[in-house]
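What follows is a set of notes on a single structure, which appears directly below.
Every number here is computed from the coordinates shown, using simple stated rules; none is lab data. Please read these numbers as outputs of a predicted model, since none were measured by experiment. For neighbour counting, all protein chains shown are included, and Cβ atoms are generated from backbone atoms with ideal geometry for every residue, glycine included.
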Amino acid sequence: MRDNPEARERNVAIVGAGLIGRAWAAIFARAGWNVRLNDPHVPTTHKMRNYDLKMHSVPLSGPMLAKYDCVVVATDHAAYDWQMIADNAQLIIDSRNALRAVSGRRDHIVQG
């Protein structure tokens, strides 16, 4: 019996909990993904006009990032260790071009 890829749980980490990050979080949550946010400047999300994510910022670490199917970069804060993120994430959607200067493997980074 084959596993149904549609039935497995999917996990995404959103890096940056500003307006763009919260919009990414809402999109993934509506699609049924487990969503976690990280932003050193936004410890808790607040209610927006159309949705209330009720989320708290979670810490980032290499082992934590490796557990997620996808990491979405929604900020380019200097507070982040972009190399650590690039070295540990399985797939990265870099919507802010924040990882432009990382070295090493880049085949898992989608920039736009």
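Provide the FRET efficiency to the nearest 0.05 for the R106-A79 pair, computing r from the beta carbons and using R0 = 30 Å.
After rounding, the FRET efficiency stands at 0.85.
Find which of A23, L60, N11 sits farthest along the positive direction of the dipole of the stretch 11-111, computed with +1 on the beta-carbon of Lys and Arg, -1 on that of Asp and Glu, about the Cα centre.
The Cα lying farthest towards the positive end belongs to A23.
Less than 14 Å Cβ to Cβ from N11, Lys/Arg counted +1 and Asp/Glu -1: what total charge do the surrounding residues give?
Summing Lys and Arg as +1 and Asp and Glu as -1 gives +2.
Could you check what % of the DSSP bridge pairs in the stretch 11-111 are antiparallel, to the nearest 5?
About 5 percent, rounded to the nearest 5.
Run the dipole for the stretch 11-111 about the Cα centre, Lys and Arg Cβ at +1, Asp and Glu Cβ at -1, nothing else charged, and hand back the magnitude in debye, nearest 20.
Taking the Cα centre of the stretch 11-111 as origin, the dipole is about 300 debye.
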